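Every number here is computed from the coordinates shown, using simple stated rules; none is lab data. The structure presented is a predicted model; accordingly, all values stated were derived computationally and were not measured. Neighbour counts are summed over all protein chains in view; Cβ atoms, including those assigned to glycine, are modelled from backbone coordinates with ideal geometry.
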Ligand code: AMP
């Protein structure tokens, strides 16, 4: 089974992806994670991606499609879960030419809670654990004790343009996949466990 996780920034795609990965045999492919890896390694792709990511804009399709093709090949072209890709119609059409998609799960969250969720998000530098700042005691990771940090694009000024990009470029994918009969909408307003309960109903 090949699936896509759709949803605005802050909808909880990453949180659900971790649970889906643990419970289903699907390889997690997050384009955001791949770009962040390239940025840490200071590769050419990483340097280019940084200039777009810090402004809250999309990395050009040509570059994004190249890294996705590599990741799909590494995954054996099957049993994968795409998180953060596609992000516009052009990417979706390109994907359709490469590989078949079975289900698209759109995690739906009220727009007015997204900014607070994203700006409050903190990530562990050591193990990658992500949580809301209100859950932290003393700024250290509750899983491994590592240092928690805010992503550079989770700052309020960048979040605004990420949400605009989502509305203008990514949200039209909901209709795109609905017309293909592949769209399943899940209410993302509950706790992570509640949302995962809904995801389970879709994945079986
Ligand atoms: P994410 O971790 O999915 O929120 O992605 C962080 C940032 O990486 C986005 O705001 C974009 O700048 C870039 N990015 C991730 N996925 C894509 C994509 N499919 N197309 C273009 N840019 C992307």
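Debye calculation, C-alpha points only, no solvent: report log10 I(q)/I(0) for the range 92-204 at q = 0.11, 0.14, 0.15 Å⁻¹, in the same order as the q values.
At q = 0.11, 0.14, 0.15 Å⁻¹ the computed log10 ratios are -0.50, -0.78, -0.88.
The range 87-145 to the range 1-42: how many Å between their Cα centroids?
Value for the Cα centre distance between the two parts: 7 Å.
Using the basic label-point model (7 angstrom from Cα toward the beta carbon), what is the residue 202 to residue 171 distance in nanometres?
The answer from the label model is 1.8 nm.
If R₀ is 22 angstrom, what is the calculated FRET efficiency for the pair residue 160 and residue 134, using the beta carbon separation as r and rounding to 0.05?
Once the sixth-power term is evaluated, E becomes 0.55.
Sort the range 35-117 into rounded, prolate or oblate with this rule: let a ≥ b ≥ c be the square roots of the eigenvalues of the Cα gyration tensor; rounded if a/c is under 1.5, and if a/c is not under 1.5, prolate when a/b is larger than b/c, oblate otherwise.
The shape class here is oblate.
Place the peptides 60-72, 128-140 in order of packing, highest mean first, counting for every residue the other Cβ atoms within 10 Å and averaging per peptide.
60-72, 128-140
Please compute the alpha carbon radius of gyration of the range 8-80, then divide it by the globular-protein estimate 2.2 N^0.38 Å. Two decimals is fine.
This ratio for the range 8-80 stands at 1.17.
Which of rounded, prolate, oblate describes the range 145-204, given a ≥ b ≥ c as roots of the alpha-carbon gyration tensor eigenvalues and a/c under 1.5 marking rounded, otherwise prolate only if a/b is larger than b/c?
In terms of gyration-tensor shape, oblate.
Considering Cα pairs under 8 angstrom that are at least six residues apart, work out the relative contact order of the chain and quote it in whole percent.
30 percent
Three principal axis extents, largest first, for the C-alpha atoms of the chain, in Å?
47, 40, 32
Only bridges with both residues in the chain count here: give the DSSP antiparallel percent, nearest 5.
25 percent
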